[in-house]
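Below: the structure, in structure tokens.
The values are calculated or read from the model by the stated rules, or taken from the named source; none is laboratory data. Model, not experiment: these values are computed from the prediction. FYI the Cβ positions are ideal-geometry reconstructions off the backbone, even for glycines, and counts take in every protein chain you see. All accessible areas refer to the heavy atoms of the entire protein, side chains included, with ligands and DNA or RNA removed. Shrake-Rupley method; radii C 1.70, N 1.55, O 1.52, S 1.80 Å.
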Amino acid sequence: MSSSTAKLSTVRKEVVRGGQIHVIKVGTSTILTNDELGGQKANLSNLSRLVELIATLRKTGDHVILVSSGAVGMGCLKLGLSERPQGLGAKQAMAAAGQSRLMRLYEDLCAVIGLQVAQLLITRDDFSDKKRFLTVRHTIYELIRLGVVPIVNENDSLAADHVAKFGDNDTLAAMTAALVEANWLFLATDVDFLYTANPKDNPDAKPIYAVEDVTKLRIEGLESSTSQWGTGGMATKLIAASIAVAAGVHCGLANGSEPERIGQMIRGIKEGGTHFIAHQSPDVTLEGDHSRWILALPSSGTLTIDAKGYKAVLKGRNILSQSVLKVEGEFDEDEAVALTYAGKQVARALVRASSTAIKEAVKEQCPGKAVLGLRDFTAELQAAGVYLQDYQSWRKGGHKFWLATEKSAQMEKKAVTVLSSDQNPPAPRTIEVIAWANDIVMTTLSAMKESQMADSVLPYCKSDNNSKMKRALSAIAPLPHESTPSRKARKCEAD
């Protein structure tokens, strides 16, 4: 375990003092309800029972972080609007008006039973920057140490392009759970369980009590589960669950109108709701803080990789441009993307180049004509850090002209080339390493199991040490022309 991970675990133990940390996310459907005239009103019954649950958990020594949506809905209620506005500016105005009303509601309810609360308004940018990410964590830990319940919400009034995706508060809750090393993440919804189909449309839908691998779920009608005042549906909750379990956080899906179900799930009662079983990624175990940060980053795009790329993920190696089959989305260098293989997301990664540069690199990949009957040892030599240019040239038939090439290269070294003012500079070299090994985090159970199996069959070393060795080897022995890590990778290593 790295020193940063050990330090984090020590701080966490001092803060929780033997208890557990639970992150509870409540949405607009839990906070608002229909009134007698067909309009909306605050659901005081739900919120009061939720506050009582928080107080009960606090008495047992546990700690609760509440992630609450509802600012836009409360703003509409405060200003007397009959329906949710559609324009971005109007939504931001409603969020600004409703956030104070929402916090006043929580303050009043918690004060009745002696709970103190604090408001944290954050955006995804706070997770994109590692220093701000750590600042948020330290603030939450200090609030827990002081006995205060942190109430987190996205800063919708200032988020230029995120208010339209209000359901992303599910993802924000998962990010927060990974940030603080929570034991549980609970996502409140308007149904009792995750079902095999939408129970509102299909009477034959059956409840799912436990989920071991989120990627294997096949559920109909996910996108139709939204409300009038919020846009988050079941699909966003499954994304949040996948982030949480990869970070080693158990995730529970429970009916927000019955907060007591959360307590049942903590006690192991399966009727409480759907339990997504935590399977911490080995990359989180090895890299700790850095991997948790990558999991918490917003995904800006998707890279589809081939079998060699998937093997590199399993063995803790760099992802090369040769392994990228498809690029989706627009993103810049040092942003997080999803890595998919065979139609499933298998990892999250911090990329070393923009989507445009990676597309160009993929386009320029021209596989040479291999020597017939000879196995290609490129992957093995690359993992060992061997200089590949001569080997690859030899496989393409370049050995026939090796002497002439060497002689020509020596002559070029002696010559002094002066570029005139009207000459164009040489084109930049195409990127070869798409993501460093220590910037990749496995997210699916199947990949984690395959990685563990691959480690266990290698002799002479334990699997944990072997994984560390492979990641270290890959990090210090990149391809010859890609020897300098990206700006953010160097910054993360310094931290």
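Within segment 155-192, the set of residues being among the charged types (D, E, K, R), within 18 Å of the chain's Cα centre (by Cα), at pLDDT 85 or above and open to solvent by 10 Å² or more (accessible area, probe 1.4 Å) comprises E181 only. All of K270, K359 fail the test of being in the same structural domain as T215 (by the TED database), of a type outside the set (D, E), surrounded by fewer than 16 Cβ atoms within 10 Å (Cβ to Cβ) and touching a residue at least 24 places away in the same chain (Cβ under 8 Å), apart from K270. Filtering segment 70-96 to residues that are buried (at least 24 other Cβ atoms within 10 Å of the Cβ) and not in a helix (DSSP H, G or I) leaves only G70. With respect to the stated conditions, G98 is touching a Lys or Arg at 6+ places or on another chain (Cβ under 8 Å) and closer than 23 Å to A173 by Cβ. Considered as a group, the residues in segment 58-69 that are polar (S, T, N, Q) and crowded, with 23+ Cβ neighbours inside 10 Å include one that is modelled with the lowest pLDDT, and that residue is S69.
Filter segment 236-252 down to the residues that are among the aliphatic types (A, V, I, L, M) and closer than 15 Å to I208 by Cα, then identify the one that is modelled with the lowest pLDDT. Ranking the candidates gives L238 first.
Residues that are over 14 Å from N153 (Cα atoms) and small (G, A, S) were ranked within segment 98-140; the one that is least open to solvent (accessible area, probe 1.4 Å) is S128. K308 passes every criterion in (1) at pLDDT below 90; (2) open to solvent by 60 Å² or more (accessible area, probe 1.4 Å); (3) not acidic (D, E) apart from (1).
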